[in-house]
Amino acid sequence: MKKIRILAFETSCDDTAISIVENGKKVIVSEKISQVEHSDWGGVVPEIAARLHSENWRSVLEVCLEKAQVKIDDIDYFACTKGPGLQTSLLTGTTVASFLSLLYQKPLIPVHHIHGHICAVFLDSILNPLFPELVLTVSGGHTQLHLLTSPTTWEFLGKSLDDAAGEAFDKVAKMLGLGYPGGPIVSEFAQKGNRRKYEMPKIYLEKDSLDFSFSGLKSTVYRLIEKEKITNGEILSQNFIQDVCASFEFTVGKIFLKKVERAFEKYPQANNLFFVGGVSANNYLKMVFSDFLRTIGKILITPQKIEFSTDNAAMIGSAAYFLVKKNPNIAKVQFIDANARLEMTSIKEKI
Ligand code: KG4
Ligand code: ZN
C-alpha cells in the first residue's frame, strides 16, 4: 500500500516547527527553531514571535527537505495548525502552508493544535490504543480532559477555568526570577526541594467537576515570595526557591491526580491515560500518574520523546493523517485562515 507523506507546519506560539511524517506515525524529519528571544520578557511577545516566525520558516523547511532527502513533489499533503494560539504566530504557518498548497496544487489539511498534541502519542510508536482513552492535555495555553473514542473523535470533559497549568509553571518561574519557559526550570529546582514545606491550595471545585483552577495556587506562591522578601531580603535563597518549586509541583500533581481519579470513576469504560502537551515532559507528574494508574490496573501513555510532548510539527502531521484517512474531503487545495480561538468541540462517536 502506498505510504502517505505529510509535510506539516506548527507555528502557534514561539516555535517555528516543520516536519515530514509518514502514515501518521513514522517521523521522517522534525525540525524547529525555538525563540529564545522571549526569555527576557518572561512570556511570549506576539510581535517578536511573528517577526521571528517569518524570518525562520524558510531555513527550517530547507533543513527538513535536505535531511529527509525529499522533494516537495514527493509530498502527498500539506498540513498546518489552524488554531488555537497566538494569531500573529499562527498566521505564518497558515500563510506559508496555503501558499505552498496553491503553488504546488497539493491538498492542505487544517489541524487543531490540541488534536495535534493528542496524536503525539502515535509518533515513532507501535502503540495500539484501546479506545476509549482518557486524555489529559496540559500545555502553556491549555489544560483539558477528553475522552478519546478514536484518533479523530472525542468527548470534552473539562478544562481550566483560569490559568493553564503550564502557564502557572511559567508564572511561578517568573516570580522566582528563574527565566522562561518555566516548566523545566521549576521542575529541576523542585527535585532538590521539600515537597511538603509549604501548604498550597488544592482547588478541586465542585464534587464531581472535571474542570481545573490554578490561579489561587499562583497567588499563594506570589504571597509566599513577597513575605519571604520582607522577612529575609530581596534576594531569595536557593533553599527557599527549591522548596517553593517542590511544594508547587507537588500541589499540581495532587490536583491532576484528583481529576484523573474522578474521570476514571465517571467514565469507567476509559482504558488508559494519555498525558500530552508541554507539561507532559514533567518527570515528577509522570511518576505520580504511573504510580496511581498501577493501583487500578491501567497504564500511562505519553509521547515517546520529550520533543513530541512540547510543540512540534510531527504531531500536526500525525493528526492530519488520521483526519484525511477518515474524511478525504477535508484535504483541499486551499487557503486556510488562522483562528486564534479555534474551539475543540466534542465529536462524539458511539463505541
Ligand atoms: O505544548 P507546549 O510546548 O506549548 C503550548 O502549546 O503552550 O507547552 C509549553 C508549556 C510551557 O508552559 C512550559 O513551561 C511547559 O509546557 N513545560 C513544562 C515542562 N516542559 C515544558 N512544564 C513542567 N515541567 C516540564 N518539564
Ligand atoms: Zn502546544
Taking T137, T16 and counting other C-beta atoms within 10 Å, the order from fewest to most: T137, T16
Looking only at the chain, where both bridge partners belong to it, what percent of the DSSP beta bridges are antiparallel (to the nearest 5)? 65 percent
Arranged from highest to lowest average of other beta-carbon atoms within 10 Å per residue, in what order do the peptides 111-118, 305-312, 220-227 appear? 111-118, 305-312, 220-227
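What does the extension gain come out to for L205 and L130, with contour length at 0.36 nm per residue minus their alpha carbon separation?
Taking L205 through L130 to full extension adds about 24.0 nm, to one decimal.
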Highest first, please rank the peptides 267-274, 322-329 by the mean number of other Cβ atoms sitting within 10 Å of their residues. 267-274, 322-329
Using amide H atoms built in the peptide plane, which far-off residues or other-chain residues are under 5 Å from V333 H to H? L108
Sequence of S150, S101 once ranked by neighbouring C-beta atoms within 10 Å, starting from the fewest: S150, S101
At 1.306 mPa s and 10 °C, Stokes diffusion of the chain via Kirkwood alpha-carbon radius, µm² per second: 77 µm²/s
So A340 and I72, fully extended at 0.36 nm per residue minus their Cα-Cα distance, gain in nm 93.7 nm
Trypsin sites (Lys or Arg not before Pro) lying in DSSP loop within the stretch 29-122, provided at most 10 other Cβ fall within 10 Å: K71
Cut-off 11 Å, label point 7 angstrom out along Cα-to-Cβ of K229: give me the residues of the stretch 152-175 whose amide nitrogen falls inside. 175
List the relative contact order of the chain as a percent without decimals, with contacts defined as Cα pairs under 8 Å and 6+ residues apart. 27 percent
Which loop-located GluC sites (Glu not before Pro) does the stretch 1-70 contain, where loop means any DSSP state but H, G, I, E or B and the Cβ has at most 16 other Cβ atoms within 10 Å? none
With the contact rule set at Cα under 8 Å and sequence spacing of 6 or more, what percent relative contact order holds for the stretch 20-149? 22 percent
Return the calculated 222 nm mean residue ellipticity for the chain, to the nearest 500 deg cm²/dmol, obtained by summing -39500 (n - 2.57) across DSSP H runs with n ≥ 4 and dividing by the residue count. -13500 deg cm²/dmol
Treat the count of other C-beta atoms within 10 Å as a stand-in for reagent exposure and order M315, M344 from fewest to most. M344, M315
If you average the C-alpha positions of the stretch 69-144 and of the stretch 186-245 separately, how far apart do those two centres end up, in angstrom? 34 Å
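Laboratory data are not the source of any read-out in this text; all were calculated from the coordinates shown. What you see is a predicted model; the values in this text were computed from it and never measured. Counting neighbours? That spans all protein chains shown, and the Cβs are built from the backbone with ideal geometry, glycine included.
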